[in-house]
Amino acid sequence: MNAIYVLWIRQLKRYVRSRARIVGSLGQPLLFLVALGFGFGPVFQKAGQGNYIQFLAPGVIGMTILFSAVFSGIELIWDRQFGFLKETMVAPVPRIAIMIGRTCGGATVALAQGVIVILICYAAGFRSTNLASLPFALLFMALIALMFTAFGTAIASVLSDFQAFQLVMNFLIMPMFFLSGALFPLLGVPRALQIVAAVNPFAYGVDGMRAALIGGTAHFGAPLDLAVLSVITALLLALGSYLFSRIQL
């Protein structure tokens, strides 16, 4: 437990020290909120769907957590190439403890960025319809962060260079985001998109978070959202632990 705590705090210190990373992580959410939120807002409203900022904000929050969590795997490749990982791995602690500590630290950073983006969304005009449901929104955010940090760690454990990691992430993560319903309602879309969304774990995170933040009925149903996220998070943590334990230094 002590090793997990130490690695957790180490990841947080890295984030706090990297002011450029903090500022840079806010650029993409701001772009989506301004360009899409205010650009497509009138069209969305004319279609009878209401305020687009209200609909878009949960998707932008989820996007921030998704990218921050996945790309925390790059830090593993960085540590591996420059020898920092070797120093950690020779410590007399199980490798699974190292993996869990790094994953918890990366997930906490992603969650912190998501909370910052919530404040930005409020500044842009977003309003949660039920403040009492904010803890449920934070639960979904935490599950998204854990799930994709574990996923990023699993991918980084079998790759050895930055370019390959970025190619894999762009090939998987960009479609996962755009086809999740983060930017458009899933109700009424073609059947093919509904099937893709149904097998997309990120779609369940956005769906549950949106229901918690703005109310209404979740597309898949909040209990199903929570169940799918919990199961996939557990599976990815197990996979990430296994692949991390087999890293060759």
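The stretch 1-79 holds helices (runs of 4 or more DSSP H) entirely within its bounds, and those carrying 2 or more residues that are modelled with pLDDT of 65 or more and of a type in the set (S, T, N, Q) map to 19-31, 52-70. Scanning the stretch 130-155 for residues that are under 17 Å from M176 (Cα atoms) and hydroxyl-bearing (S, T, Y) yields one hit, T149. Scanning for something surrounded by fewer than 20 Cβ atoms within 10 Å (Cβ to Cβ) and of a type outside the set (K, R), does the stretch 208-215 turn up at least one residue? Yes - at least one qualifying residue is present in the stretch 208-215.
Here the stretch 120-165 is the region considered, the condition is being among the hydroxyl-bearing types (S, T, Y) and in a helix (DSSP H, G or I), and the residue that is modelled with the highest pLDDT is T149. Of the residues that sit in the stretch 223-249 and are touching a Leu at 6+ places or on another chain (Cβ under 9 Å) and assigned to a loop (DSSP other than H, G, I, E, B), which one is farthest from I100 (Cα to Cα)? It comes out as L249.
Close Cβ contacts (under 6 Å, 6 or more residues apart or on different chains) running from residues in the stretch 117-141 that are aromatic (F, W, Y) to residues that are crowded, with 16+ Cβ neighbours inside 10 Å comprise F126/I53; F126/A57; F136/A212; F140/G205; F140/G208; F140/M209. For the residues I247, I173, I214, I195, the requirement of being hydrophobic (A, V, I, L, M, F, W, C), in contact (Cβ under 8 Å) with a residue 40 or more places away in the chain and farther than 19 Å from F32 by Cα singles out I247.
The values are calculated or read from the model by the stated rules, or taken from the named source; none is laboratory data. These numbers come from a predicted model, not from an experiment. Every residue, glycine among them, receives a Cβ derived from its backbone with ideal geometry; neighbour counts consider all protein chains shown.
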